[in-house]
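Since every read-out is calculated from the coordinates, none of them should be taken as a lab result. Here the structure is a predicted model, which means the values were calculated and not measured. Every residue, glycine as well, gets a Cβ built from its backbone with ideal geometry; the counts of neighbours run over all protein chains shown.
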Amino acid sequence: MRGPHNLWRLIRTAGTFEKTGAMDVVLDQLNAPRELRIAARVLGWPFKWLGFAGDPALPPVTRAITALGPSYIKLGQILSTRPDFVGDELALQLRVLQDKLPPFPTDQAKAMIEADLEVPLSSIFSEFSDPVAAASIAQVHQARLVGDGRKVAVKVLRPGIARAFRRDIDAFYLGARVIEMLSSSARRLRPMDVIAHFDETVQQELDLRTEAAAAGEFAANTARDEGFRVPGVEWSLSGRAVMTLDWEEGVQMADLAAIDAAGHDRAALSERVIAMFLRHALRDGYFHADMHQGNLKVAPNGDIVALDFGIMGRLDEYTRRVYAEILMGFIRKDYRRVAEVHFEAGYVPADRDIDLFAQALRSVGEPIFGMDASRISMGRLLAYLFEVTERFGMETRTELILLQRTMVVVEGVARTLNPHMNLWTAAGPEVERYIRENLGPRALVRDLGKTLRVLSRFGPHLPRAVEDALRRPDPKVAEVARRRAAGRPWLWFGAGVVVASGVAALLQVL
Ligand SMILES: Nc1ncnc2c1ncn2[C@@H]1O[C@H](COP(=O)(O)OP(=O)(O)O)[C@@H](O)[C@H]1O
Ligand SMILES: [Mg+2]
């Protein structure tokens with residue numbers, strides 16, 4: 001949707017940033033180049049009177065963003081997880097953005113559900129409460145199912161939210177394009193990438209079927225994790241704008257007094273939060289990436305319940321192995337090995353100096369591992385590590401930043417539960433198990449098994465291939481074949497190595 005309304009929206013944005021004093025803060029934090037400062041002023045200053053005043057009790061950036069509405073709040077929240085884009089200071093300020101908005105009327109929620117599921121509400125729910133929580137994109141109601149009377153949680157999108165986001169995102173794209181046009185040095189901030197990332201993330205959240213699918217996948221992965229639970233999805237009562245989950249009783253993770261009153265062991269919960277997060281990230285490569293206290297509950301039986309599957313993270317198997325090895329290297333203080341892993345994985349360009357890199361890695365590891373165990377932070381270790389690897393030419397990877405950011409949040413939750421939590425006793429067993437199962441001989445055998453399975457798919461073609469090879473060729477073709485065959489000893493050698501290492505691995509396991 002192009003058009004003058006985008007420009008109008010930009011002007012109001014700039015006006016609001018001027019009026020609230022947020023403009024200076026943002027330009028400073030982004031270290032914005034001169035051309036950009038001038039443009040922002042030209043767009044903002046004369047239109048200050050058109051800007052929203054917002055709540056004067058809030059700090060400038062939070063105030064401006066909250067005044068501008070849901071899409072800005074969401075953009076701010078997403079940027080708070082991307083210090084690589086906005087810098088550490090601004091990320092910290094944006095993190096305090098509360099995703100709380102006044103709820104919309106229950107009648108509107110009911111109308112949304114009936115329109116989306118195409119059934120009268122009374123035919124599916126015997127009870128339907130007023131909202132229990134409301135955020136920028138959706139709100140949650142408690143309901144009872146007709147029939148068995150089971151309690152469920154019903155999440156409903158805000159009416160018109162998809163349109164509102166579409167409109168604002170178009171304005172964001174325009175803004176990003178203007179910034180890129182105005183200043184070549186501002187391209188370093190990659191404004192178009194930022195908005196594209198935002199667009200992609202939000203599109204997923206605007207379709208609750210995506211979240212329902214995430215809940216389903218996460219529940220399947222974690223079904224056998226003792227002491228951890230994910231509510232089941234009622235697929236027949238879920239659609240684009242509605243998601244119905246089993247209602248989870250229990251106390252909020254933020255409510256320490258209630259946790260104590262219910263007699264739960266906070267130290268145990270604290271370690272389990274860390275262990276579960278690591279297990280999901282390492283074992284499944286699929287983790288809850290928004291694990292703040294508001295999205296966690298403690299069930300009456302002491303299980304940790306995860307809620308809100310709007311932001312999930314994925315790590316492929318290769319990345320998980322590389323990072324397990326890196327972590328292992330840090331724990332053993334083998335910085336040279338940590339450096340080598342980066343080079344082997346191609347994360348750091350081959351022309352960099354490995355010794356200098358190893359030295360920089362030591363500067364990351366030593367201060368952290370020298371700390372008292374109750375203060376060690378893996379999230380911080382990763383943050384420092386990424387700073388160094390970036391300096392040595394490694395590309396920023398969104399999924400790793402997400403992992404690191406969530407790690408910090410999870411550690412925060414764990415330390416709130418138990419300030420004396422020792423990260424190593426919580427994390428150690430999970431990391432060790434992963435390494436044992438994925439970096440040792442067992443992993444080698446499994447890899448070989450996978451390779452053989454792939455090869456075996458060519459099985460039906462093998463007899464024919466052998467026959468072709470053995471059939472006496474005519475002399476002209478023979479010459480070509482002879483030359484080709486010259487390369488074959490290497491093939492046999494390669495096959496030999498594969499088989500030999502397989503046998504060696506088997507011997508070690510047995
Ligand atoms: N299945 C559920 N059982 C019980 N309470 C729930 C359930 N799902 C959500 N809630 C409540 O609603 C609140 C908001 O839900 P959440 O999915 O986190 O929405 P948002 O994406 O808006 O943060 C939660 O913090 C929790 O208190
Ligand atoms: Mg939530």
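Can you tell me which residues in region 159-168 are under 24 Å from the mean Cα position of the chain (by Cα) and within 16 Å of ligand 1 (Cβ to nearest atom)? Lay out the reasoning, then the answer.
Of region 159-168, the ones under 24 Å from the mean Cα position of the chain (by Cα) are 161-162, 165-166, 168.
Within region 159-168, I161, A162, F165 meet the criteria.
Kindly check whether there is at least one residue in region 258-270 that is touching a residue at least 12 places away in the same chain (Cβ under 8 Å) and within 16 Å of ligand 2 (Cβ to nearest atom).
Looking through region 258-270, none of the residues is touching a residue at least 12 places away in the same chain (Cβ under 8 Å) and within 16 Å of ligand 2 (Cβ to nearest atom).
For region 216-229, which residues satisfy the criterion of being touching a Gly at 6+ places or on another chain (Cβ under 9 Å) and either farther than 16 Å from I274 by Cα or not in a loop (DSSP other than H, G, I, E, B) (or both)?
So in region 216-229, the residues touching a Gly at 6+ places or on another chain (Cβ under 9 Å) come out as 216, 219, 227.
Scanning region 216-229 gives G216, A219.
Report whether or not R229 is surrounded by fewer than 19 Cβ atoms within 10 Å (Cβ to Cβ) and away from ligand 2 (no atom under 16 Å from the Cβ).
no
Consider only pairs whose beta carbons are under 8 Å apart and that are at least six residues apart or on different chains; among these, list those whose first residue lies in region 285-298 and is closer than 19 Å to R314 by Cβ and whose second residue is in a helix (DSSP H, G or I) and within 12 Å of ligand 2 (Cβ to nearest atom).
Correct list of pairs: H288/N295.
Can you spot a residue in region 376-386 that is part of a helix (DSSP H, G or I) and either over 25 Å from H288 (Cβ atoms) or more than 19 Å from the chain's Cα centre (by Cα) (or both)?
no
Could you tell me which of the residues A176, A215, A171 is within 25 Å of the chain's Cα centre (by Cα) and closer than 30 Å to A14 by Cβ?
A176
Where in region 33-129 are there helices (runs of 4 or more DSSP H), lying wholly inside it, with at least 3 residues that are surrounded by fewer than 17 Cβ atoms within 10 Å (Cβ to Cβ) and under 24 Å from the mean Cα position of the chain (by Cα)?
By residue number, 88-95.
Can you list residue pairs whose Cβ atoms sit under 8 Å apart, with the first residue in region 129-142 being in contact (Cβ under 8 Å) with a residue 40 or more places away in the chain and the second being near ligand 2 (Cβ under 10 Å from one of its atoms)? Count only pairs 6 or more apart in sequence or on different chains.
S136/D99; I137/G310; A138/K155
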